[in-house]
Amino acid sequence: MRRINIAIDGFSSCGKSTLARQLAQHLGYTYIDSGAMYRAVALYAMEHGLVKDGVLDRDGLLERLGGLDIRFKHDPLTDRSATMLNGRDVEHRIRSMDVSDHVTLVSPVPEVRAKLVQLQQRMGREKGVVMDGRDIGTVVFPDAEVKLFMTARPEVRALRRYQELRAKGAPVTLAEVEDNIRRRDLDDTTRKADPLTQAADAIGIDNSDLTALEQFNLALGHVVKVLGEPAEA
Ligand code: DC
């Protein structure tokens with residue numbers, strides 16, 4: 001059967017990664033979390049003294065950009081991938097609230113985006129990739145055969161994220177999570193470089209009232225339909 005790329009975009013905490021993982025597992029494709037790459041750059045900046053009082057030393061980051069190596073290491077035991085930053089497993093660290101709070105300092109920088117987009121495009125060259133993010137259907141894979149754009153009501157998203165973080169033992173409040181989501185929504189949609197927008201040919205899915213299984217079946221229906229169509233010349 002022919003292989004395709006699937007682009008999943010949407011606001012933060014919309015269940016993109018859950019769906020992307022389910023689809024990748026079902027199809028035997030590779031799941032790539034592009035947000036993890038922006039989070040890794042944010043962590044790098046924080047650890048190298050490039051963020052002071054909430055302000056990014058942009059020139060300092062650009063000088064070091066060439067030496068920044070981000071890749072994913074697949075663990076066959078868990079069937080999950082860990083984000084590796086210059087050879088170090090940072091998968092757990094990049095999910096913390098302080099990295100979430102700093103990521104929109106680095107994600108609007110065009111040079112950062114250019115570097116990560118190039119890496120992401122390379123990962124999708126052979127097809128068979130499910131990638132989630134903000135600009136996958138618009139910038140990274142504008143020719144993706146299936147594009148999904150996920151939304152959910154803000155209060156539903158905040159509660160999901162809060163429960164996820166608390167389950168991991170993070171000492172956060174619902175108000176903090178709501179505030180972080182609100183700020184990132186604004187930053188993601190208003191930045192100049194590759195802002196979050198729904199591609200004209202993307203299928204919108206509002207999953208506020210859907211279970212993970214209902215959402216999966218809906219998305220898979222779209223994928224199966226496309227796989228049954230003849231490939232474009
Ligand atoms: O999906 P996430 O919440 O882990 O993403 C972290 C941040 O990275 C998010 O605030 C926006 C940014 N991001 C981006 O600008 N482009 C992407 N393709 C993915 C994420």
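All Cα-Cα separations within segment 1-40 were binned at 5 Å from zero, giving a P(r) of 5, 21, 31, 24, 13, 4, 2, each value a whole percent of the pairs.
Hey, what D do you get for segment 94-209 in µm²/s if you plug the Kirkwood alpha-carbon radius into Stokes-Einstein at 10 °C and 1.306 mPa s? Estimated via Stokes-Einstein, D reaches 101 µm²/s.
Here the accessible area of the chain is 53 percent carbon and sulfur, with a 1.4 angstrom probe and all protein chains present. Proximity of backbone amide H atoms, modeled 1.01 Å from N, is registered between I203 and K147, L148, F149 at under 5 Å, excluding neighbours fewer than 5 places apart on the same chain. The count of lysine pairs in segment 36-171 with alpha-carbon distances below 22 Å, taking only pairs 8 or more places apart or on different chains, stands at 5. Would you work out if segment 50-101 is rounded, prolate or oblate? Take a ≥ b ≥ c from the square roots of the eigenvalues of the alpha-carbon gyration tensor; rounded if a/c is under 1.5, else prolate when a/b is larger than b/c, oblate otherwise. Because a/c hits 1.5 or more and a/b fails to exceed b/c, segment 50-101 counts as oblate. Based on protein heavy atoms only, segment 89-172 ends up with 44 Å² per residue of surface accessible to a 1.4 Å probe.
Histogrammed with a bin width of 10 Å, the alpha carbon distances of the chain distribute as 7, 32, 38, 19, 3, 0 percent, first bin at zero.
Each peptide among 16-29, 131-144, 89-102 gets the average number of other Cβ atoms lying within 10 Å of its residues, and from highest to lowest they stand as 131-144, 16-29, 89-102. Using the rule -39500 (n - 2.57) for each DSSP H run of four or more residues, divided by the residues of the chain, the 222 nm mean residue ellipticity is -14000 deg cm²/dmol.
Helix 212-227: angle to the longest alpha-carbon principal axis of the chain, degrees 0 to 90, nearest 10? Around 60 degrees separate the two axes.
The values are calculated or read from the model by the stated rules, or taken from the named source; none is laboratory data. Just so we're clear, the structure is a prediction, and the values are computed from it rather than from any experiment. Don't worry about glycine lacking a Cβ; one is built from the backbone with ideal geometry, like all the others, and counts go over all protein chains shown. Heads up: the accessible areas ignore ligands, DNA and RNA and are worked out on the full protein's heavy atoms, side chains in. Shrake-Rupley method; radii C 1.70, N 1.55, O 1.52, S 1.80 Å.
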